[in-house]
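Below is one structure, written out as structure tokens, with a few remarks after it.
Read-outs throughout are calculated quantities, based only on the coordinates presented, and are distinct from any laboratory measurement. Every value quoted in this text rests on a predicted model; they were computed, and no experiment measured them. In this analysis, Cβ positions are derived from the backbone assuming ideal geometry, glycine residues included, and neighbour counts consider all displayed protein chains.
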Amino acid sequence: MKKVLFLPLLKMPSGHHQVAEALMDILERRTTNICYKKIDLLSYTNELLEKVVTGTYLKWIRYAPETYNMAYKHLFYEPPVHSFKWYHHVFAKKMEHLVKEENPDLIICTHGFPSYLLSQLKAKGKCDVPIINVYTDFFINNLWGKEEIDFHFLPSEEVRRGLRAQSEIPLQNMMVTGIPVHEEITKTRTVKHHGNGNILIAGGSSGLGNIMDFYNDLKDARHFHYFVLCGKNQKLYEEIKGWELQHVTPIPYISSRAEMNELYEQVDAIVTKPGGITVSEALRKSLPIFVHSALPGQEEVNLRYLTERNLVQELKADQSLENQLQTVLQDADKMCTLYNAIAAYHKEIEAQTPEELLAVVNWILGEKQTIGLHA
């Protein structure tokens with residue numbers, strides 16, 4: 001029995017966990033000789049530490065987004081050896097202990113911090129387990145380990161070109177997979193039209209993200225029917241429910257991917273934040289994507305990439321939401337440009353099916369002594 005260890009970071013719901021769970025489900029459905037386990041290094045190190053870090057992070061991006069953005073940019077541009085020098089030793093020792101304790105045949109990192117620590121251990125000869133980086137945004141920041149990592153699941157061809165330019169990683173150790181999403185989010189092949197149109201508004205599973213600027217527009221709008229995903233924000237759900245408007249439907253947190261897929265099938269466009277997973281799911285469904293706001297840090301970087309590729313339309317807070325939606329959705333030329341951009345993005349993806357992703361995992365598990373960069 002082969003063992004795969006998945007390493008996201010923190011316990012709160014995030015794209016790092018969703019990507020890990022999507023890959024874990026592929027193993028669950030299609031293999032009988034592979035077991036898997038998902039571990040958060042911070043919780044493994046200290047449960048209280050994980051809770052403090054999670055709470056601090058959520059408060060920081062909510063109440064001081066500008067300072068968080070500055071800190072993130074410092075991390076993005078600074079080599080991690082400088083950014084994490086003061087506590088590198090503590091977590092490196094914990095990671096070394098974790099690997100020895102779990103004794104996996106393969107490690108899959110869905111967050112940069114575990115990847116960085118493992119690459120340092122491999123460079124020192126303290127870890128010989130094959131590692132796959134699975135990136136959960138449309139770029140790679142400097143935190144991720146790179147040279148010592150055995151295989152890379154990349155979000156786009158552009159990111160692959162950038163990684164090749166920055167490193168000596170062989171081309172055969174990279175694959176453009178897109179950001180993996182759960183296979184229950186099925187690929188839509190036909191453009192949908194539901195009367196005047198259904199619009200999904202999403203703000204993240206924790207209810208983070210500022211869509212307050214558009215609320216007055218929702219009350220007065222009549223051209224579309226709006227489904228508002230409230231995540232775990234019960235206050236937001238109750239407020240919208242209290243409006244008692246037939247054209248605005250609040251939806252509480254959805255944990256079922258099948259239900260989420262069904263909701264995607266009912267809508268004609270999505271208004272959201274530029275988070276890697278939500279955008280990737282919408283792209284898989286070939287939905288027009290409108291961005292209402294971006295959390296500081298990685299979402300702002302994602303937004304730049306997505307707008308440059310014409311994969312999303314950025315909304316202006318000082319203009320009518322409904323007018324902006326109509327301007328795009330009722331313009332045949334703009335819709336053609338949008339669908340062509342989505343098709344071009346899909347064309348870059350080399351692993352189109354769960355079986356193709358599994359083939360890479362099986363190859364690495366079967367070739368763990370020879371797949372290394374220096375083999």
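Brief remarks follow.
- Amide N of the stretch 289-305 lying under 18 Å from the label point, which is placed 7 angstrom from the Cα of Asp331 along Cα→Cβ: 289-292
- Gained length - Lys347 relative to Ser320, 0.36 nm times residue gap less alpha-carbon distance: 6.3 nm
- Qualifying aspartates and glutamates (Cα of each under 18 Å from Cα of Lys219; at least 8 residues distant if same chain): Glu238, Glu239, Glu244, Asp318, Glu322
- Charge context of His223, other residues only, Cβ under 13 angstrom, K/R +1, D/E -1: -3
- Once the Cα gyration tensor of the stretch 198-348 is diagonalised, semi-axes √(5λ) in Å: 23, 17, 15
- Summed over all non-identical Cα pairs, the Kirkwood treatment of the stretch 257-311 gives a radius of 11.5 Å.
- Pairs over the 22 Å Cα-Cα cut-off, from the set Lys51/Lys146; Lys2/Lys51; Lys235/Lys273; Lys235/Lys285: Lys51/Lys146; Lys2/Lys51; Lys235/Lys285.
- The H on the amide N of Lys38, modeled in the peptide plane, is under 5 Å from the matching H of Phe6, each at least 5 residues off or on a different chain.
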